[in-house]
Amino acid sequence: MDLNLRKAIVSNIATNDQEQLEATIVDAIQAGEEKMLPGLGVLFELIWEQSNEQDKQDMIEALEQGVKNANAT
């Protein structure tokens, strides 16, 4: 069986509006389940691909800060 995880995830959210997309992200993070990580990765990939260079830099800075904060606890 050929399973393309990216296509499956995108297909599952293809008709979602902004509110539903936000709920998907929030639910996945709050659940804290390892099985949700691939889906969040695909969502991040989609965001990254649609972002300009300044947005990408902002995300990297936010990620750096998040890593530092997570490591401090």
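Among the residues that make up the stretch 55-67, is at least one of them exposed (fewer than 10 other Cβ atoms within 10 Å of the Cβ) and out of contact with any Cys (no Cβ under 6 Å at 6 or more places or on another chain)?
From the stretch 55-67, those exposed (fewer than 10 other Cβ atoms within 10 Å of the Cβ) are none; that's our starting set.
No, the conditions are met nowhere in the stretch 55-67.
Exactly one residue among Ile29, Ile25 is touching a Leu at 6+ places or on another chain (Cβ under 9 Å) and without any contact (Cβ under 8 Å) to a residue 12 or more places away in the chain, and that residue is Ile29. Looking across the stretch 10-28, just one residue is loosely packed, with under 12 Cβ neighbours inside 10 Å, assigned to a helix (DSSP H, G or I) and of a type in the set (Ser, Thr, Tyr), and that is Ser11.
Look through the stretch 29-47, keep the residues that are more than 9 Å from the chain's Cα centre (by Cα) and part of a helix (DSSP H, G or I), and return whichever of them is surrounded by the most Cβ atoms within 10 Å (Cβ to Cβ). Break it down into steps so the answer makes sense when it comes.
Taking the stretch 29-47 first, the residues more than 9 Å from the chain's Cα centre (by Cα) are 29-36.
Next cut, part of a helix (DSSP H, G or I) only: 29-31, 34-36.
Values: Ile29: 11, Gln30: 9, Ala31: 10, Glu34: 7, Lys35: 8, Met36: 16.
The extreme case among them is Met36.
Asp2 satisfies every condition listed in (1) surrounded by 11 or more Cβ atoms within 10 Å (Cβ to Cβ); (2) at pLDDT below 95 except (1).
Might you let me know whether the stretch 43-56 holds any residue that is touching a helix residue (DSSP H, G or I) at 6+ places or on another chain (Cβ under 7 Å), in contact (Cβ under 8 Å) with a residue 12 or more places away in the chain and not hydroxyl-bearing (Ser, Thr, Tyr)? Within the stretch 43-56 (the criterion being touching a helix residue (DSSP H, G or I) at 6+ places or on another chain (Cβ under 7 Å), in contact (Cβ under 8 Å) with a residue 12 or more places away in the chain and not hydroxyl-bearing (Ser, Thr, Tyr)), the answer is yes, since at least one residue qualifies.
The values are calculated or read from the model by the stated rules, or taken from the named source; none is laboratory data. The shown structure was predicted, so the numbers you read here are calculated from the model rather than taken from an experiment. Neighbour counts are summed over all protein chains in view; Cβ atoms, including those assigned to glycine, are modelled from backbone coordinates with ideal geometry.
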